[in-house]
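Participant: Quick one: the structure is below, and I'll ask about it shortly.
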Amino acid sequence: MNNSVSFRNAVPGDEALIVDFIRKLAEYEHLLDEGVADEALIFEWVFEKRKAEVIFAMSEGHEIGYSLFYYNFSTFPGNAGLHLEDLFVLPEYRGKGYGKAFFKELARMAAERGCSRLEWTCLNWNQPSIDFYLALGAVTDTQRALYSLSGNSFNALGEQK
């Protein structure tokens, strides 16, 4: 990093900036066609319902990346962890240590909050990110597979009596 990085918590009024970062991430992941949350939804879920948190990486007074995360819970150890949903650094800042700084900050926050782990998923084609995570010391959980219900399957199951 040419300059030191700092972090700031998102606050009400940052919805447009968060949505902009989400769109950039969706474009990078080739998922723009899946739709992107709008400012009203971000305000509702992040600031009103407080179901997720967002932090920004700052360099020279400008937001150069963002991270959205929330708590999960594991019954075996009996404590919470942080689930990292999104992490995105602007392309011109990649390869300069900002991603690692994000993970250090998130791990620090998780430990400070009594969490025992930091978890996330990665698209299986995203080899640059996979290599980065492995270099951090992350491991792939080969004992578990991620499943999800969404769209028609989610709606149909929820409507069953």
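The values are calculated or read from the model by the stated rules, or taken from the named source; none is laboratory data. For clarity, every value in this text was computed on a predicted model and none was experimentally measured. Note that we place each Cβ from the backbone using ideal geometry, even for glycine, and neighbour counts take in every protein chain shown. Only protein heavy atoms, including side chains, enter the accessible area calculation; ligands, DNA and RNA are left aside. Shrake-Rupley method; radii C 1.70, N 1.55, O 1.52, S 1.80 Å.
Participant: Kindly check whether there is at least one residue in region 65-72 that is exposed (fewer than 14 other Cβ atoms within 10 Å of the Cβ), in a strand (DSSP E or B), on the phi < 0 side of the Ramachandran plot and in contact with a strand residue (DSSP E or B) (Cβ under 7 Å, 6 or more places away or on another chain).
Facilitator: Just the residues of region 65-72 that are exposed (fewer than 14 other Cβ atoms within 10 Å of the Cβ), to begin with: 72.
So of that shortlist, the ones also in a strand (DSSP E or B) come out as 72.
Filter once more, so that each one left must be on the phi < 0 side of the Ramachandran plot: 72.
Among the residues that remain, those that are also in contact with a strand residue (DSSP E or B) (Cβ under 7 Å, 6 or more places away or on another chain) are: 72.
Yes, there is a match, as at least one residue in region 65-72 is exposed (fewer than 14 other Cβ atoms within 10 Å of the Cβ), in a strand (DSSP E or B), on the phi < 0 side of the Ramachandran plot and in contact with a strand residue (DSSP E or B) (Cβ under 7 Å, 6 or more places away or on another chain).
Participant: Given L31, L68, which one is closer than 24 Å to S129 by Cα and touching a residue at least 40 places away in the same chain (Cβ under 8 Å)?
Facilitator: Details: L31 fails: touching a residue at least 40 places away in the same chain (Cβ under 8 Å).
Only one candidate passes the filter, namely L68.
Participant: Another question, if that's okay. Would you mind telling me which numbered condition in (1) touching a Leu at 6+ places or on another chain (Cβ under 7 Å); (2) under 21 Å from T121 (Cα atoms) E63 fails?
Facilitator: (2)
Participant: Looking at G99, is it outside any helix (DSSP H, G or I) and of a type outside the set (F, W, Y)?
Facilitator: Working: outside any helix (DSSP H, G or I): no; of a type outside the set (F, W, Y): yes.
For G99, the condition - outside any helix (DSSP H, G or I) and of a type outside the set (F, W, Y) - is not met.
Participant: Report whether or not L106 is touching a Ser or Thr at 6+ places or on another chain (Cβ under 8 Å), open to solvent by less than 60 Å² (accessible area, probe 1.4 Å) and not in a strand (DSSP E or B).
Facilitator: Details: touching a Ser or Thr at 6+ places or on another chain (Cβ under 8 Å): yes; open to solvent by less than 60 Å² (accessible area, probe 1.4 Å): yes; not in a strand (DSSP E or B): yes.
Yes, satisfied.
Participant: For region 109-137, which residues satisfy the criterion of being part of a loop (DSSP other than H, G, I, E, B) and either farther than 19 Å from F73 by Cα or in contact with a strand residue (DSSP E or B) (Cβ under 7 Å, 6 or more places away or on another chain) (or both)? Give the steps one after another, and end with the answer.
Facilitator: So in region 109-137, the residues part of a loop (DSSP other than H, G, I, E, B) come out as 113-117, 121-126, 137.
Scanning region 109-137 gives G114, C115, S116, R117, C122, L123, N124, W125, N126, G137.
Participant: Given the conditions (1) modelled with pLDDT of 95 or more; (2) under 16 Å from D86 (Cα atoms); (3) open to solvent by 80 Å² or more (accessible area, probe 1.4 Å), report the number of the one that E34 does not fulfil.
Facilitator: The failed condition is (1).
Participant: Right, here's the next one. Looking at (1) crowded, with 16+ Cβ neighbours inside 10 Å; (2) in contact (Cβ under 8 Å) with a residue 40 or more places away in the chain; (3) over 19 Å from A135 (Cβ atoms), find the lone condition where L82 falls short.
Facilitator: All conditions pass for L82, except number (2).
Participant: Go through region 7-19 and give me each residue that's surrounded by 13 or more Cβ atoms within 10 Å (Cβ to Cβ) and either touching a helix residue (DSSP H, G or I) at 6+ places or on another chain (Cβ under 8 Å) or closer than 13 Å to H62 by Cβ (or both). Reasoning before the result, please.
Facilitator: Step one: filter region 7-19 for residues surrounded by 13 or more Cβ atoms within 10 Å (Cβ to Cβ), giving 7, 10, 14-15, 17-19.
F7, A10, E15, L17, I18, V19 - these are the residues of region 7-19 that are surrounded by 13 or more Cβ atoms within 10 Å (Cβ to Cβ) and either touching a helix residue (DSSP H, G or I) at 6+ places or on another chain (Cβ under 8 Å) or closer than 13 Å to H62 by Cβ (or both).
Participant: Out of L82, L41, L31, which single residue is touching a strand residue (DSSP E or B) at 6+ places or on another chain (Cβ under 9 Å) and hydrophobic (A, V, I, L, M, F, W, C)?
Facilitator: Working: L41 fails: touching a strand residue (DSSP E or B) at 6+ places or on another chain (Cβ under 9 Å); L31 fails: touching a strand residue (DSSP E or B) at 6+ places or on another chain (Cβ under 9 Å).
Unique residue meeting the criteria: L82.
Participant: Counting only residues that are without any contact (Cβ under 8 Å) to a residue 12 or more places away in the chain and open to solvent by 60 Å² or more (accessible area, probe 1.4 Å), which one in region 41-60 is farthest from R108 (Cα to Cα)? Walk me through it before giving the result.
Facilitator: Residues of region 41-60 that are without any contact (Cβ under 8 Å) to a residue 12 or more places away in the chain, as a first pass: 41, 44-45, 48-50.
Subsequent filtering for residues that are open to solvent by 60 Å² or more (accessible area, probe 1.4 Å) retains 41, 45, 48-50.
On the way: L41: 28, W45: 24, E48: 25, K49: 24, R50: 20 Å.
Here the answer is L41.
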